[in-house]
Amino acid sequence: MQERSAVRVTPRSAVTVAIEAQDQPPARGVVADISESGACLWTKGTYAVGESLVLRLSFPREPRPLQAAGRVVWETSTRDEKGAMRLGLAWSHTTGPAHLHLKELIAGAA
């Protein structure tokens, strides 16, 4: 079994996400869990492993969404009864002020 590079947090309150990908219509989703290295999302969008995404994460009590870039590292092949699927993302950038702010938001979401 592969060990995780960071502790995953399941947010106490919903963290929603707007998802943008090249040549695809925008989609929305909800964070299932999140960490310093990536996130698991529920979405009705369709994405392939390796695809790059731009996310706007809306955390509770935050005045503006946080923009983050990620790459799809896995996705489920089945959808739930509402048509949503899960996908796993690895953040494209894990340093710098934006990532530091993301870490702070994750800590507050636990």
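Bear in mind that the values in this text are calculations on the coordinates, not laboratory data. Note that the structure is a prediction, hence the values are computed from the model and not measured. Don't worry about glycine lacking a Cβ; one is built from the backbone with ideal geometry, like all the others, and counts go over all protein chains shown.
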³J(HN,Hα) across segment 104-110 via Karplus (A = 6.51, B = -1.76, C = 1.60, θ = phi - 60°), whole Hz, x for Gly/Pro? 5, 5, 4, 4, x, 7, 5
Stokes-Einstein D in µm²/s, Kirkwood radius over Cα pairs - segment 58-110 at 10 °C with 1.306 mPa s viscosity: 121
So what's the convex hull volume per residue for the Cα atoms of segment 16-109, in Å³? 94
Find which of HIS93, GLY29, GLY45 sits farthest along the positive direction of the dipole of the chain, computed with +1 on the beta-carbon of Lys and Arg, -1 on that of Asp and Glu, about the Cα centre. GLY29
Would you mind counting up the charge near GLU51? Only other residues with Cβ under 14 Å from its Cβ, with Lys and Arg at +1 and Asp and Glu at -1. -2
Here the relative contact order (percent) of the chain, from C-alpha pairs under 8 Å and at least 6 apart, is 27
Could you work out [θ]222 nm for the chain from helices alone, using -39500 (n - 2.57) per DSSP H run of at least four and dividing by all its residues? Round to the nearest 500 deg cm²/dmol. -3500 deg cm²/dmol
Quick one: if you stick a label point 7 Å off each Cα along the C-beta vector at THR10 and LYS82, how many nm between them? 1.6
